[in-house]
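J.: Got a structure for you, questions after.
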Amino acid sequence: MTTNAMQQNVRILIVDDSRTMRQALETILAERYEVRTARDGRHALEVLDSFAPNILLLDIIMPRLDGFGVIEHIRRVRRDEQTFIIMLTAESAQDIKPKALNLGANDFLLKPFDQVELLARIGVAARQVRLTQELHHSMERISREIETVAALQTRLLPKESPYLEKVQLQSLYRPSGQASGDYFDYAVLNDDVLRVAIADVSGHGARAAFLMAIVRTLFKLSLEHDLSIEETMRTINSHLVDIIGDEADFVTAFAADLDLRKSTLSYINAGHCPGLLHTAGGTNVQLNSTHPLLGFFPIDFGCRTLPFSDEYSLFLFTDGFYEWERKPGVFFELDDFLELAEGLMPTKESFLENLIASLKAAGGKLPVFRDDLTALWVHRGEADG
């Protein structure tokens, strides 16, 4: 694209109550840019939508609506931070300039102006406009790519719960953005064993999603090769150590085998949020971390085993469920969430639905979660009703 063609892509709106000034500015700029004029601030607001200028040459002292009012409308009402605003005035700039700049003006030019200086200032503004447009287009392209990643991520998650007699399984997955670092999975190893897993990759966006996909792939491979939980976690950690290296990324994970024949729960918690085990007697047991975070150094993994009989429940979650503001300056912390979840653990149906409703009640409205939400709930026994 030639320089002249690039300039023609830049639209300039001249706003001045002096017809002579409007005509003079239009004559100077029309050969290089697409130009329109407005006779005052009210007229300028009428032209904004249809013309969508990139640059505004704006007089300050005008009838009906002055330049300050136009700036305030563009920046405060329209929430437009991209239009480049150059103020024009014959008044002393000592008092007017700070006010205009504080309201959102980008530059300032005194009348009468030098034509060379005017074109130079417009040239700077036009370059800024083009850079902003290029950045906007790049962000749109990145956003489309992230949307593609998010769509692929969703396909990687389980589509339906496996069938096991007298076993209820509920899952929840709500990414905070378009791409997530959270992961959950489950699979029936044989007629008697259900394996569940949940993981959380540090950070957000494409990088976290990429690492999540690696964790998912390794988990699926471990199922195909009949690896134990210890071998599965060792394999995942070993690959993450090689991939992450000296970077600051890490992964937390919780994996468990629910053996229905032996009535046991064997689990590994690698730096993840504590799982909650609810017993038939009504006791809640927190399944805290048993091993360090994944991705930093080799780890020798070993399972812990607990009973998992009839009327037992297991709840696993990621940290997005807490660390949100109940009200300004008052945060909903892990202990608050655990207390709330423990009170719901006797529930045999709609546990996760009730959990979200309880979080809404705790905050007075649905909380503004800053992180991804992922959860698994498994209950052994008959459903209510």
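J.: Provide the three semi-axes, in whole Å and in decreasing order, of the ellipsoid equivalent to segment 1-130 as defined by the square roots of 5 times the Cα gyration tensor eigenvalues. Could the numbers behind the result be given before it?
T.: Numbers: eigenvalues 86, 54, 43 Å².
They are 21, 16, 15 Å, listed largest first.
J.: Using all C-alpha to C-alpha distances in segment 247-385, build P(r) with 5 Å bins and read off the rounded percent in each one.
T.: 2, 9, 18, 20, 18, 15, 10, 5, 2, 0, 0
J.: Would you mind computing, in nm to one decimal, how far apart the modelled labels at GLU339 and GLU31 are, each placed 7 Å from Cα along Cα→Cβ?
T.: Spacing of the two 7 Å Cα→Cβ label points: 7.6 nm.
J.: Another question, if that's okay. Multiply the residue separation of GLU382 and VAL368 by 0.36 nm, subtract the distance between their alpha-carbon atoms, and state the gained length in nm to one decimal. Write out the running numbers ahead of the final one.
T.: Numbers: separation 14, 0.36 × 14 = 5.04 nm, distance 3.46 nm.
Computed gain between GLU382 and VAL368 is 1.6 nm.
J.: Got a number for the accessible area of SER171? Probe 1.4 Å, square angstrom, nearest 10.
T.: 60 Å²
J.: Which value at 222 nm does the chain reach when only helices count, each DSSP H run of 4 or more adding -39,500 (n - 2.57), with the total divided by all residues and rounded to the nearest 500 deg cm²/dmol? Could you put the intermediate results ahead of the total?
T.: Numbers: 10 runs with 147 residues, N = 385.
Mean residue ellipticity at 222 nm (helix-derived): -12500 deg cm²/dmol.
J.: Can you compute the radius of gyration and Dmax for the chain, using only the Cα atoms, both in Å?
T.: When restricted to the Cα atoms of the chain, Rg and Dmax are 30.5, 93 Å.
J.: Return the aspartates and glutamates within reach of LYS348: Cα separation strictly under 16 angstrom, same-chain partners fewer than 8 residues apart disregarded; answer none if there are no such residues.
T.: GLU165, ASP310, GLU311, GLU382, ASP384
J.: Over segment 166-215, average the accessible area per residue using a 1.4 Å probe and give it in Å², no decimals. Write down the numbers at each step before the final one.
T.: On the way: 1820 Å² over 50 residues.
About 36 Å² of surface per residue is accessible.
J.: Picking from LEU287, LEU265, LEU227, which is most flexible by a Gaussian network model of the chain using Cα springs under 10 Å?
T.: With Cα springs under 10 Å in the chain, the top fluctuation among LEU287, LEU265, LEU227 is at LEU227.
J.: Rounding to the nearest 20 debye, state how big the charge dipole of the chain is about its Cα centre with +1 on each Lys and Arg Cβ and -1 on each Asp and Glu Cβ.
T.: Dipole about the Cα centre, nearest 20: 1520 debye.
J.: Which residue fluctuates the most in the chain, going by a Gaussian network model with Cα springs under 10 Å, if the choices are ALA362, ALA253, ALA270?
T.: Result for the chain, Cα springs under 10 Å: ALA362 fluctuates most.
J.: Which pairs, out of LYS159/LYS360; LYS159/LYS262; LYS327/LYS360; LYS220/LYS262, put more than 18 Å between their alpha-carbon atoms? Don't skip to the answer; put the middle values down first.
T.: Values: LYS159/LYS360 27 Å; LYS159/LYS262 28 Å; LYS327/LYS360 13 Å; LYS220/LYS262 24 Å.
Violating the 18 Å Cα-Cα cut-off are LYS159/LYS360; LYS159/LYS262; LYS220/LYS262.
J.: Right, another one. Residue separation times 0.36 nm, minus the C-alpha to C-alpha distance between ARG127 and THR305: what's the value? The partial results should precede the final answer.
T.: Details: separation 178, 0.36 × 178 = 64.08 nm, distance 6.52 nm.
Going from the current span to full extension adds 57.6 nm.
J.: Return the FRET efficiency for the residue pair ARG261, ARG141: r is the Cβ-Cβ distance, R0 is 51 Å, and the value is rounded to the nearest 0.05. Intermediate results must be reported in sequence, preceding the final value.
T.: Details: r = 53 Å, r/R0 = 1.04.
Result of the calculation: an efficiency of 0.45.
J.: Express the accessible area of segment 291-355 per residue in Å², computed with a 1.4 Å probe while the remaining protein chains stay in the model.
T.: Per residue, segment 291-355 has an accessible area of 49 Å².
J.: Then there's this: Can you give me the distance in nm between label points at ASP114 and ASP192, each placed 7 Å from the Cα along the Cα-to-Cβ direction?
T.: 9.2 nm
J.: Once you place label points 7 Å from the Cα toward the Cβ at ARG42 and THR235, how far apart are they in nm?
T.: Roughly 7.5 nm, to one decimal.
J.: Hey, in the GNM for the chain with a 10 angstrom Cα cutoff, which one of VAL167, VAL124, VAL251 fluctuates hardest?
T.: Most flexible of the set in this elastic network: VAL124.
J.: Carbon and sulfur together cover what percent of the accessible area of the chain at a 1.4 Å probe radius? If you can, show how the numbers build up before the last one.
T.: Working: 9330 of 19110 Å².
Carbon plus sulfur share of accessible area: 49 percent.
J.: Could I ask something else about it? Enter the accessible area per residue of segment 6-145 (Å², integer; probe 1.4 Å; all protein chains in place). Display every interim value, and only then the final one.
T.: Working: 7580 Å² over 140 residues.
Using a 1.4 Å probe on heavy atoms only, each residue of segment 6-145 averages 54 Å².
J.: Taking H as built 1.01 Å from N, whose amide H comes closer than 5 Å to the amide H of ALA105, not counting residues under 5 places away?
T.: The list, which skips near neighbours in sequence, is empty: none.
J.: Sticking with this structure for a sec: Hey, which lysines would be in cross-link range of LYS97, C-alpha to C-alpha under 28 Å, not counting anything within fewer than 8 residues on its own chain?
T.: Reachable lysines: LYS111.
The values are calculated or read from the model by the stated rules, or taken from the named source; none is laboratory data. Since this is a predicted model, take the numbers as computed values, not measurements. Here Cβ is always computed from backbone atoms with ideal geometry, including for glycine, and neighbour counts include all displayed protein chains. Note: accessible area is taken over every heavy atom of the protein model, side chains too, but ligands, DNA and RNA are not part of it. Shrake-Rupley method; radii C 1.70, N 1.55, O 1.52, S 1.80 Å.
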